[in-house]
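Trainee: The structure under discussion is supplied below as structure tokens; questions concerning it will follow.
The values are calculated or read from the model by the stated rules, or taken from the named source; none is laboratory data. Since this is a predicted model, take the numbers as computed values, not measurements. Cβ placement follows ideal geometry from the backbone for every residue including glycine, while neighbour counts extend to all protein chains displayed. Each accessible area value is taken on the protein alone, full model and side chains, heavy atoms only, with ligands, DNA and RNA left out. Shrake-Rupley method; radii C 1.70, N 1.55, O 1.52, S 1.80 Å.
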Amino acid sequence: MGALDEGHYYLELENGVKRGGCVELSFEEEPEILGIEDAVRVLLRGLGEDIDREGLQKTPLRVAKALREGTRGYKQKVKDIVCGALFPEAGLESGVGHAGGAGGLVIVRDLDLFSYCESCLFPFQVKCHVGYIPSGHQVVGLSKLSRVADIFAKRLQDPQRLANELCTALHHGIKATGVAVVLQCSHIHLPNFESAILDPNHEGWVKILVTSGSGVFEDEKSDTWTDFLSLLRFRDINVDNIHSRGSSDKSWCPSHAFCKTEPANKVMLNAVASILCSLGEDPLRKELIETPVHFVKWLMKFKNTNLDMKLNGFVLNRRDPLTSNGRLDHNEEHFYSELNLSLWSQCEHHLLPFHGVVHIGYYCSNGVNPVGRSLLQSIVHFYGFKLQVQERLTRQIAETVSSFLGGDVMVVVEANHTCMIARGIEKFGSNTATIGVLGRFSTDPVARAKFLQIIPSSSPAQG
């Protein structure tokens, strides 16, 4: 076989088989991926879903791909990135001071990362700022700081541990005099079902600012830290309210509140634990012991509840006003709107939450009382607390409101999708808007413009 035996000549085929007798599994055939897919099917069945439904058929694979992509850092090593990326750079040739490769502070700001929260398995956003003081007359390629940060972000993480691991790895990897790390982290604020309905001002995000320092940055009150933070403030980066490095406060992830409710489904808990194993983690690690409970508790909020009865009761009790001859009176119509109705839902394609606001505009005939805000909010929650896609959700809200208000309805949904910062996209700050128009709104551009003009330019959905 000659060269083929020696591995000098391989040609990959589309089916993953290499000439020369070597067989490579495709990504979708890897045991870890198949294991995650099986676990996701268990979770979907636990929700009472039909896993063969069109919108869910590829959900197990989508979830598996997102989790593997989001935790690829377990298989990466810092030395593979830093090795060969240190460049000679002399310090000052004369005078007193620090610059270049002999003591000059170097800062890279605003590195956008995302990581998976180890408490609930949802991705959180990270704005990373790294500073270091070179030593040995050498500096590191700036792009490598971002790549090293990404290694530790692409793991199941806690903000403070992420900062500490990144700081330590850089300190040893680039042989610096000192390394400083500041992370601005934002985690979706998962509500309890009751708070989502009763508190219209529920904040969509939990934010925390953490730091870590090594070498000359170990002392948070040192002049080097002051210089570092000053250069961040110089670019309007808010570094106030820094979380204490030694704090063991667990309030960062809102999922810790979910353990106070009834016990979770054991089969579903085992499925989440198997996902952790497939990612290369130890489900018995103390930080992960409660993770299956947190994830399942949140997921079960999207199983059909008695919201059905509340909504159906409302719709059936609604009556259209009649004139004396028994006909609907459409001679006079009045325009009404309800803005910023809170929305929480779960993407059925990736099992990740999305949240935002719903705006509803409608015309009512003379004599019809406008619908109360609480009733429209109930409709939003009824369709929101399910596995959903935003386009379908928008249509369902519009059709339901139209069914008892006479047909002239317009609905605008604005939402932040957690899946937009996962799945390899890493798109921060994006917002998705969908529109549903029925009746008069579908043919009258003036009516549509009238409604769109009153929607606030910034909404709670934009965080």
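Okay, residues lined up against (1) under 26 Å from Phe87 (Cβ atoms); (2) open to solvent by less than 50 Å² (accessible area, probe 1.4 Å); (3) in a helix (DSSP H, G or I); (4) of a type in the set (Ser, Thr, Tyr):
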{"residue": "Asp112", "(1), (2), (3), (4)": "yes, no, no, no"}
{"residue": "Lys127", "(1), (2), (3), (4)": "no, no, no, no"}
{"residue": "Ser143", "(1), (2), (3), (4)": "yes, no, yes, yes"}
{"residue": "Arg147", "(1), (2), (3), (4)": "yes, no, yes, no"}
{"residue": "Ile151", "(1), (2), (3), (4)": "yes, yes, yes, no"}
{"residue": "Arg161", "(1), (2), (3), (4)": "no, no, yes, no"}
{"residue": "His172", "(1), (2), (3), (4)": "yes, no, yes, no"}
{"residue": "Ala180", "(1), (2), (3), (4)": "yes, yes, no, no"}
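Yes/no matrix, rows are residues, columns are (1) touching a His at 6+ places or on another chain (Cβ under 7 Å); (2) closer than 21 Å to Met420 by Cα; (3) of a type outside the set (Lys, Arg); (4) surrounded by fewer than 22 Cβ atoms within 10 Å (Cβ to Cβ):
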site	(1), (2), (3), (4)
Asp38	no, no, yes, yes
Arg41	no, no, no, yes
Gly46	no, no, yes, yes
Arg53	no, no, no, yes
Gln57	no, yes, yes, yes
Leu61	no, yes, yes, yes
Lys65	no, yes, no, yes
Tyr74	no, no, yes, yes
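Trainee: Oh, and also: Which one is least open to solvent (accessible area, probe 1.4 Å), of the residues in the stretch 366-404 that are among the charged types (D, E, K, R) and in contact (Cβ under 8 Å) with a residue 40 or more places away in the chain?
Mentor: Among them, the one singled out is Lys386.
Trainee: Follow-up. Can you tell me which of (1) over 32 Å from the mean Cα position of the chain (by Cα); (2) assigned to a loop (DSSP other than H, G, I, E, B); (3) at pLDDT 90 or above is the one Tyr362 doesn't meet?
Mentor: Only one criterion in (1) over 32 Å from the mean Cα position of the chain (by Cα); (2) assigned to a loop (DSSP other than H, G, I, E, B); (3) at pLDDT 90 or above is unmet by Tyr362, namely (2).
Trainee: Could you please find all residues in the stretch 233-247 being under 18 Å from Gln160 (Cβ atoms) and modelled with pLDDT of 70 or more? It would help to see each step written out before you state the result.
Mentor: First, the residues of the stretch 233-247 that are under 18 Å from Gln160 (Cβ atoms): 239-247.
Once the filter is applied, which keeps residues that are under 18 Å from Gln160 (Cβ atoms) and modelled with pLDDT of 70 or more, the stretch 233-247 yields Val239, Asp240, Asn241, Ile242, His243.
Trainee: Here is a check on your reading of the model: is Leu229 at pLDDT 90 or above and in contact with a helix residue (DSSP H, G or I) (Cβ under 9 Å, 6 or more places away or on another chain)? Walk me through it before giving the result.
Mentor: On the way: at pLDDT 90 or above: yes; in contact with a helix residue (DSSP H, G or I) (Cβ under 9 Å, 6 or more places away or on another chain): no.
No: the conditions fail for Leu229.
Trainee: Just for the stretch 405-414: of the residues that are touching a helix residue (DSSP H, G or I) at 6+ places or on another chain (Cβ under 6 Å) and under 25 Å from His350 (Cα atoms), which one is most open to solvent (accessible area, probe 1.4 Å)? Quick ask: steps written out before the conclusion?
Mentor: So in the stretch 405-414, the residues touching a helix residue (DSSP H, G or I) at 6+ places or on another chain (Cβ under 6 Å) come out as 408-411, 413-414.
Right, trim to under 25 Å from His350 (Cα atoms) and you get 411, 413-414.
On the way: Val411: 0, Val413: 0, Glu414: 25 Å².
Of everything passing the filter in the stretch 405-414, Glu414 is most open to solvent (accessible area, probe 1.4 Å).
Trainee: Does Val293 satisfy the condition of being modelled with pLDDT of 95 or more and aliphatic (A, V, I, L, M)? Reasoning before the result, please.
Mentor: Working: modelled with pLDDT of 95 or more: no; aliphatic (A, V, I, L, M): yes.
No.
Trainee: Moving on. How about the stretch 129-141: which of its residues are open to solvent by less than 30 Å² (accessible area, probe 1.4 Å) and not β-branched (Val, Ile, Thr)? Steps first, answer last, please.
Mentor: Here is the first cut: in the stretch 129-141, the residues open to solvent by less than 30 Å² (accessible area, probe 1.4 Å) are 129-134, 140-141.
Within the stretch 129-141, His129, Gly131, Tyr132, Pro134, Gly141 qualify.
Trainee: I'm checking my understanding of the structure. Among residues of the stretch 178-202 that are out of contact with any Cys (no Cβ under 7 Å at 6 or more places or on another chain) and modelled with pLDDT of 90 or more, which one is farthest from Ile237 (Cα to Cα)?
Mentor: Among residues in the stretch 178-202 that are out of contact with any Cys (no Cβ under 7 Å at 6 or more places or on another chain) and modelled with pLDDT of 90 or more, the one farthest from Ile237 (Cα to Cα) is Gly178.
Trainee: Taking Glu28 and the conditions (1) at pLDDT below 90; (2) in a loop (DSSP other than H, G, I, E, B), which numbered condition does it fall short on, given that it satisfies the others?
Mentor: (2) is the only condition that Glu28 fails.
Trainee: Kindly evaluate Ser119 against the criterion of being among the small types (Gly, Ala, Ser), over 30 Å from Val296 (Cα atoms) and either out of contact with any strand residue (DSSP E or B) (no Cβ under 6 Å at 6 or more places or on another chain) or at pLDDT below 90 (or both). Don't jump to the end; show me each part of the working.
Mentor: On the way: among the small types (Gly, Ala, Ser): yes; over 30 Å from Val296 (Cα atoms): no; either out of contact with any strand residue (DSSP E or B) (no Cβ under 6 Å at 6 or more places or on another chain) or at pLDDT below 90 (or both): yes.
No, not satisfied.
Trainee: Going through the stretch 215-247 one residue at a time, which ones are small (Gly, Ala, Ser) and either out of contact with any Gly (no Cβ under 6 Å at 6 or more places or on another chain) or assigned to a loop (DSSP other than H, G, I, E, B) (or both)?
Mentor: The initial filter retains those residues of the stretch 215-247 that are small (Gly, Ala, Ser), namely 215, 222, 230, 244, 246-247.
Across the stretch 215-247, the qualifying residues are Ser222, Ser230, Ser244, Gly246, Ser247.
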